[in-house]
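Student: My questions will all concern the structure given below.
What follows draws every value from the coordinates through simple rules; no lab data is involved. The shown structure was predicted, so the numbers you read here are calculated from the model rather than taken from an experiment. Every residue, glycine as well, gets a Cβ built from its backbone with ideal geometry; the counts of neighbours run over all protein chains shown.
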Amino acid sequence: MIQKRSYLVAAIAAILHLLPQTSAANNSDRPNILFIIADDQSPFDLKTYDPNSSLETPTINRLSAEGMTFDAAHHMGSFSGAVCMPSRHMVMTGRTLWHLPKRADRKTKKVKGLSDDTPAPNNTKLNTLDATKYSMAAIFNNAGYDTMRTCKNGNSYEAANAQFTVRQDSTKRGGTEETGSAWHGKRVLEYLDTREASNDQDPFLIYFGFSHPHDTRDGTPELLRKYGATNHTDPNTLPRLNPETPAPALQTNYLPAHPFHHGQPGLRDEEKVSGVWKNRDEATIRNELGRQYACSENIDIQIDSVLKKLEAMGELDNTYIIYTADHGMAIGRHGLQGKQNLYEHTWRVPFIIKGTGIEAGALLETFTYSTFCPLSATSPASRNPKQSKESVSSPYSTEIRKLYAMSFSAPTAAARNPVCVP
Ligand SMILES: [Ca+2]
């Protein structure tokens, strides 16, 4: 299953080392960061990763053409069916799955008597972490950045989320401007308007998160029409495909059922997603793909609005833009529906970065995990001393590890736990 190798970790380091460090630059020289994260999106939905996809995302395509596309970014799996949770912890901390703060330590309070410098392999109380110091927004705050976040609520790392100085979180999975992705886009635009009005010259980190295309995939009427889909709500009937507006074709790896049980009886994503439930027939899957694409194109539209605003402000060229998702998604591939499996469509993620010093159109086949590295905010040592030589994807690593491991809570679908790659 895993064939890509981490030959090019050093290349990531080279990209990041192009960026100015805190002590050497004044605010006007320091780049802004726009970190965009979708919820539940397979990279193969995007033309960037599958040219045969019918999803139209011209803005994301342009980011890829003008920036660097990672062709083998993965999330590390999960200890439970809530894949979002560990993924977003990893994003917020730069830590691997093995070093995430355990459930009891997800608050800012540290475990008594346990040092942040205690090496993780010998630390039986894995893993304390002070989110007020060692999480994304905290690091950027301490480096003099203004930090803003919009995203869904829940299934995330609350102590880290709380470090953003401006926060507009709400779960928006509806099919209107107010209830869907446009809501998140408007929060970012408002924030930029405020900065513009006050002539704020501090660099910014914006965490631009979306609640879609995670189900329920209620697209806007016009985008649903475009992708031949309806917001199907009746579990007792199947959606009807409109022959005049074809829904997306089934994927080449679609199956009407998984060849063996996926390992988690009653799993929500495989049995309870509105519009799909346990159905795996062609009409259901193609309709759901149409809904997924409608939601994803809406995300692309919101990103375009924000990039246009940055351009109008004269900030676009000084902004690093990262596009990713917390994990992938099946939607019929291999007869599965959810994110709790270890196929490439699900544990790979889109990962694109654009900005000064990054070669346009570059493709990086590096095997990496999509942890977000704090560009320019501070030194890696002060960022997180425990992690600096342990992360397989760390751009600061000086050597490539010979063993990768990832996990899932059940022998779901494709592989057993753990998967090791020599
Ligand atoms: Ca998710």
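Student: Are any of the pairs Lys172/Lys272; Lys278/Lys308; Lys47/Lys133 more than 30 Å apart by Cα-Cα distance, and if so, which?
Tutor: Lys278/Lys308; Lys47/Lys133
Student: So if R0 is 45 Å, what FRET efficiency would Thr171 and Ala360 give, r being the distance between their Cβ atoms, rounded to the nearest 0.05?
Tutor: 0.80
Student: While we're on this one: Within 13 Å, Cβ to Cβ, of Val349, how many net charges do the neighbouring residues add up to if Lys/Arg are +1 and Asp/Glu are -1?
Tutor: So the environment of Val349 carries a net charge of -3.
Student: Which three extents, in angstrom, do the Cα atoms of the range 248-300 have along their principal axes, listed largest first?
Tutor: On the principal axes, the range 248-300 reaches 35, 23, 17 Å in Cα extent.
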